[in-house]
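Notes to accompany the following structure.
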Amino acid sequence: MIRLHPFELVFSDYAGTFFPEIRAEAPEGAMNLATIAKLQSTQRLLRELGSPDLAEEDAGAVGEYLALLFAAYRYWEAEEPTLSVDRDRLTRAIQHPPTQGLAAHHDACYLEFPERWFWATIGEGQPHEPLEGMFVVSTGPHTGITVVAILGLRPGREGFSQITVTGGADAVAAASGTMRDPPFAPVMDGGLAAGFKSVTSDGELLHLARLALESAAE
């Protein structure tokens, strides 16, 4: 069965019109989250995606919309590379993390994870949801990344949950030091018996993104 893709779900009706406008309006060589947030074409697209008064209603929500839009735009600009994360390779990478920097990869890509393996919550008291995948966007050559993790994407649900984290090169390198022992141990009831893994912090999400890039297949 073909899995749902967050880009197709949210942006299929808008990318062909709005993303070329964003590219034309943006200063050359300056496409980052702060820049894209100021563009008129971005604001028009945000109004299409949500409420015209969204910024006034919930600043956190508009920040997540912006992060998703930024990641989706960069993914589109990179010609929409979707990479499958290999379970066996990722397991080996977790057990023996790479010592070098980030693996060579696209400027932006979507990493599709094995289904119902990793789990996370968007906040305290919120339900555990499966990590379906993540957009990973380079913030500069071998410097850092922005990660937009996609949770709970499934047929019959309108939308999905997401977690966004950005880290420079130092933060990405240091993220391994934030890991629990054992790495990604499940925190949900019955998780160990089910073979699940959990992501519980920004540092763990950054580290997982680094390992997943090592474990992704073209």
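The values are calculated or read from the model by the stated rules, or taken from the named source; none is laboratory data. No experiment lies behind these values; they were computed from the predicted model shown. All Cβ positions, even for glycine, are placed from backbone atoms using ideal geometry, and neighbour counts span all protein chains on display.
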### For Thr42: the one exception among (1) surrounded by fewer than 19 Cβ atoms within 10 Å (Cβ to Cβ); (2) modelled with pLDDT of 90 or more; (3) in the same structural domain as Ala26 (by TED's automatic domain parsing)
(1)
### Query
Given the conditions (1) within 13 Å of the chain's Cα centre (by Cα); (2) modelled with pLDDT under 85, which single one is not true for Ala108?
(2)
### Message
Could you tell me how many of the residues in the stretch 148-203 are within 21 Å of Ala71 (Cα to Cα), out of contact with any helix residue (DSSP H, G or I) (no Cβ under 7 Å at 6 or more places or on another chain) and in contact (Cβ under 8 Å) with a residue 40 or more places away in the chain?
### Response
4
### Summary
Flagged in the stretch 164-218 as in a helix (DSSP H, G or I), polar (S, T, N, Q) and farther than 26 Å from Asn32 by Cβ, in numbering order, are Ser215
### Summary
Residue set Thr178, Thr139, Thr121; condition polar (S, T, N, Q) and within 22 Å of Glu79 (Cα to Cα); output residue Thr139
## Note on the structure
Considering residues that are at pLDDT 85 or above, surrounded by fewer than 20 Cβ atoms within 10 Å (Cβ to Cβ) and part of a loop (DSSP other than H, G, I, E, B), the number found within the stretch 136-158 is 5
## Note on the structure
Considering the stretch 159-174, residues that are at pLDDT below 90 and among the aliphatic types (A, V, I, L, M), and then whichever is farthest from Asp189 (Cα to Cα), we arrive at Ala169
